[in-house]
Each structure stands twice: as C-alpha cells, then as structure tokens.
Amino acid sequence: MLKVEDLHVYYGGIHALKGISLEVPKGAIVTLIGANGAGKSSALRAIAGLVKNKKGSISYKGKDISHTQPVEIVKSGIVMSPEGRRIFPHLSVMENLHLGAYSRSDKDGVEKDIKWVFELFPRLRERQEQKGGTLSGGEQQMLSVGRALMSQPDVIMLDEPSLGLAPLLVKDVFEIIREVNRQGKTVLLVEQNAFAALKAAHYAYVLETGIITLSGKGEELLADDRVRKAYLGG
Amino acid sequence: MNAAMFIQHFLNSLTLGSLYALIAIGYTMVYGILRLINFAHGEIFMLGAYFVFWGLTLVHLPWPVAMVLSILVTAGLGMLVDQIAYRPLRDAPRISALISAIGVSFFLQNVAIVFFQAIPREVYRPEWLENPILMGDVRVLPLTLFVPLLSFFLMMGLVYIVYRTKTGLGMRAISRDLETSYLMGVPVNRVIAITFGIGSALAAASGIMWALRYPQLQPIMGVVPGFKAFIAAVFGGIGSIQGAVIGGLVLGFIEIMTVAFFPELAGYRDAFAFILLILILLVKPTGLLGAKPEDKV
C-alpha cells in the first residue's frame, strides 16, 4: 500500500536518512524502531510531505507521492500524529477534532466520525468543551490519535505515541493502536519503546543512523539477539 | 470642561480609536500567523482611500458602491502583496520577509506618487455626513457616529470569521503551530492569503473613513497612522485581535483627551504614541494581552 524506496533526507548539512526502503502492507501494523536521532521521525515527516530536501521514491497505492503537498497527502488518506502529540492547547477538544477533519467537506460524515472517536475515547466526550492544553498527557495522546482519525485515513502514522507517558498509560496507548488497527486502519508506528512496539507490530524495521539494519516480523525481532542487546536491555 | 464638551471629545476619541483599531487588526493578524510585521500595511490603508477617491471622481460611482469596491480591490491587492513579496520567502529567515515588507512599503508609496501625484487631493464628503446632529448641547457630525458604528460591525464580522468558520479555525491553528496545521490538511497558503485579504479590507475601510474625517489624500498619508496602529497592536499584545482593538481605542483616547485637557501639549500629539510604545516595551514587552512565552508548547 505504502512503499518507500531508497529514501534520502537532508537537514541543512545533515544526511538524516541514507537510502532506506520499507513497505507497509494494507491492514498491517508496521513499526520503525531505533535510538534517538536514528532518523525515524525524518522518515515519517518525509512521507507526510513536510520535508522538502529529499531523494528517492515514496509511493502510495501505486502513485508517486514524493513531491506531493502535505494537504494532498492528507486527502489521499495518509495522516500523521506528530511527536509530542502537538494538539492545539488553546483550542477546545472539539475544535481540535474539527481541525483533523479540515480536508473534508462532508459535514454529516464529520459529525458521524466525531461520535465514532468519542466511542473509541469516551474521556474525550466528557472533555469536549475543554481546552486541549488542560488535558492530561494520556488524554492528549487520545486526542492526537482521534484528531488524526478524523481525516478518514487509510494509513495512520504515529510518531512516538508513548513518549513521556506513565508506564500504565503506555499500555493503554498500545491498546489504542491495536484498536485503531482492528477498525481497519493501516498503522506505521515509530517508537523508542522497542519492546511494546515489536509486540504490537506485524512487521518491523530497525533504523540506525539513517540506515535500516534489520527487518522482520515483530516476534522474530523480539527474539533476535542483536535487537535484544541494543534495544531491549539484553 | 463641561459635560457636552467631554461627550464630544469622548466620541472623537472613539472615532479615532476605531480607525487605529481597524488598521492594528491587520498588523496583529499577519503577525499572529507569520510572525511578520507587514510594514506595507500603512500603504494598503492609503490605497484604500485613493481607490474610493478615483471611484468617485473618475467613474462617478455612488458613495456606498465606491466604498465596497475599494475595500474589495484593496483586499485583493493585499493578497497580491503576500503572493509576490512574502510567499517566496516563507522558508527564509524572518528578517528577509521583514526587509521585503519595508521594500513593498516604499514601492507602494512611490507608485502612488507616480500615479496619483504628490499633490494632496480633496475628498468630496457626502452631505448626509456633513450636517451636524444636535443632541442636547452636543453637536455631533454624523461621521463621528458612523465611524465607530461601521467599525463595530466590521469587527463583529471579523470575530465571526475567526471564531465561527472553518477558515478562522485554520487561522487559529496556524498561528499556534504551523507544522501541525499542515499535518491536519489545512491549506496553509490559502488561509494566509485570506488573512491578508481580511487585514487589507479592514485597513481599506479605515483609510476610507480616515479620508472622510481628514479629507485630504496624499501618497504618504498611510505612514503615520500605520506606525501608530502598529504601536497600538504592540501595546495590546501583538498577535491578539482583542489586544489590537483595545490598543487602538486606548491610543485614540490618549491622543484626543490629552490635547483636550492639556491644549498646550497639542504640538506633541504625534509623540504620545511613541511614548506609549517605549513605556509598554519597558514595562510589559508582550503587551496587554500578548501571549506569554511559557504558554507556547
């Protein structure tokens, strides 16, 4: 469904991605793990159309999208929930959700999807009039995922959704990811929490300083010695 | 000073303050979204006034038609300035766009001098604005009521756009977090263009009413009101629409009331705004309603 081939990304003088290739099949959870600065976020940002300075090809449903504007990428069905959640703190929960649906013009469909997001995350319904900035970290994560779902995506990219959350909430976040996947969404997940990510993922790639060094099924990598040593604490 | 005189000064303050506020809104909206001080805004104000003048004298349009047309044309011009002078510099350092803005300001002034000539033009005022209304002891020009009223309606329209429409939601999102707005599918460049259009429309409305109040047009007429409205926006807290309105009104009141109570200071009238600027920068650089840095996520 989503295919990346020989992708290079440059930031100023830094060569952040040095030719990575990966594939995200329809309906799967695919994860990209690696240390801080390995280039995981760069990959997602490049797919989302935020990075201008890049080489290589990104194709989605057979069409090249490597030079497509972010707005068009959202319309085509790929959405990203950025690192740090980045909800709009000065806007209400409801307004945040409506922003997620900005690219849509079917008002009834949007209202229906807001109800659907509230069913997925009942906490958001209780807080719909509250400003985003007043939510707890876990609630903000729910809002960030809910907001991304509002664009009616086929593929949802999550950048470090568990970052900065208490261990108990981390479990919830991965439960949310599985639920979103059960709802028919393809997931591309970037995580530092390698253990949880590998457990949730159907397929995984390990990224080290801009190069993919390893890939395989989630449970395979979970058992791999190199992965255990580097990312799972032995 | 008796009550009648005070009321007169009060209404004058309100009028002048509304005119400043309308210009200040344009500065603050563009700053809120792009972190750019659009120094060409005073020239947009000037052109709005000239367009009405030409509409009246060249094409002999009726007043209301000339006014609406001028506002629309000026809005389009503001969007054009954004497209030509600022959009190519979106990813450049902020100072580049600022320099570009100063360049546009000089450019528009000089274009106006070439096309409209530097000699001041007199604006014809419709009669219904000329005949004073007597309210008890108070003599009021209809214009003095017309300006705050029209300004009020324009501001209500603005509040509606910003807080009740999708485009307004996009503006509020972009002003906080440009990158995430892109990720949400907000057509950022279109929303920015609309912001320039709205700011320019309000500046044109202000310029037109200014020309009715001080019926003389000059290519440099936008410079001083532009600077003062900029100060009003900084005073209110740049980036905040409410702040720009409050700042404009406060400045209007300071100018009129100081001269009313201390006529000997009349010569320093234009200096008050700058004193206000120095004071606010010393005491509260973020302005009355400006975002506190710690608010930023």
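A compact table of results
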| item | result |
| --- | --- |
| Dipole of the protein assembly as shown, positive direction: furthest Cα of B:42, B:238, B:266, with charges on the beta-carbon | B:238 |
| Gap separating the Cα centres of the stretch B:11-25 and the stretch B:236-295, nearest whole Å | 12 Å |
| Spacing of the two label points (7 Å from each Cα toward its C-beta) at residue A:111 and residue A:94, in nm | 1.2 nm |
| FRET E, pair residue B:266, residue B:166, Förster distance 45 Å, beta-carbon r, rounded to 0.05 | 0.40 |
| Over the stretch B:3-283, relative contact order from alpha-carbon pairs under 8 Å, at least 6 apart, % | 40 percent |
| Estimated distance in nm for a label pair at residue B:84 and residue A:61, the labels positioned 7 Å out from Cα along Cα-to-Cβ | 4.0 nm |
| Modelled FRET efficiency - R0 25 Å, residue A:3 with residue A:52, Cβ distances, 0.05 increments | 0.75 |
| 10 Å Cβ neighbours from other chains, averaged over peptide A:90-101 | 3 |
| Residue-span extension gain [residue B:102 to residue B:125] - 0.36 nm each, minus C-alpha spacing | 5.0 nm |
| Cα-centred dipole magnitude for the stretch A:93-151, charges only on beta-carbon of K, R (+1) and D, E (-1), debye, nearest 20 | 80 debye |
| D (Stokes-Einstein, µm²/s), Kirkwood Cα radius, the protein assembly as shown, 0.890 mPa s at 25 °C | 95 µm²/s |
| Two-site label geometry, residue B:283 and residue B:69: point separation in nm, points 7 Å out along Cα→Cβ | 4.7 nm |
| Peptide-level mean, for A:65-72, of C-beta atoms on other protein chains within 10 Å | 3 |
| Stretch gain in nm, segment residue B:110-residue B:190, where the contour uses 0.36 nm per residue and the Cα spacing is subtracted | 25.9 nm |
| Cα-centred dipole magnitude for the protein assembly as shown, charges only on beta-carbon of K, R (+1) and D, E (-1), debye, nearest 20 | 600 debye |
| Estimated [θ] at 222 nm from DSSP helical runs (n ≥ 4, -39500 (n - 2.57)) normalised by residues in chain B, nearest 500 | -24000 deg cm²/dmol |
| For peptides A:25-34, B:133-142, sequence by mean Cβ density within 10 Å, most packed first | A:25-34, B:133-142 |
| Within the protein assembly as shown, percent of DSSP bridges classed antiparallel, to nearest 5 | 60 percent |
| Spatial separation of Cα centroids for the stretch B:158-180 and the stretch B:129-143, in angstrom | 40 Å |
| Additional length obtainable on full extension of the chain from residue B:35 to residue B:59, 0.36 nm per residue less Cα span | 4.7 nm |
| Test item: B:186-192 mean partner chain Cβ contacts at 10 Å | 3 |
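The numbers here are math on the coordinates, done by the rules we state, and not lab data. Everything numeric here is computed off the predicted structure, so don't read it as measured data. Cβ: placed from backbone, ideal geometry, glycine included. Neighbour counts: every protein chain shown.
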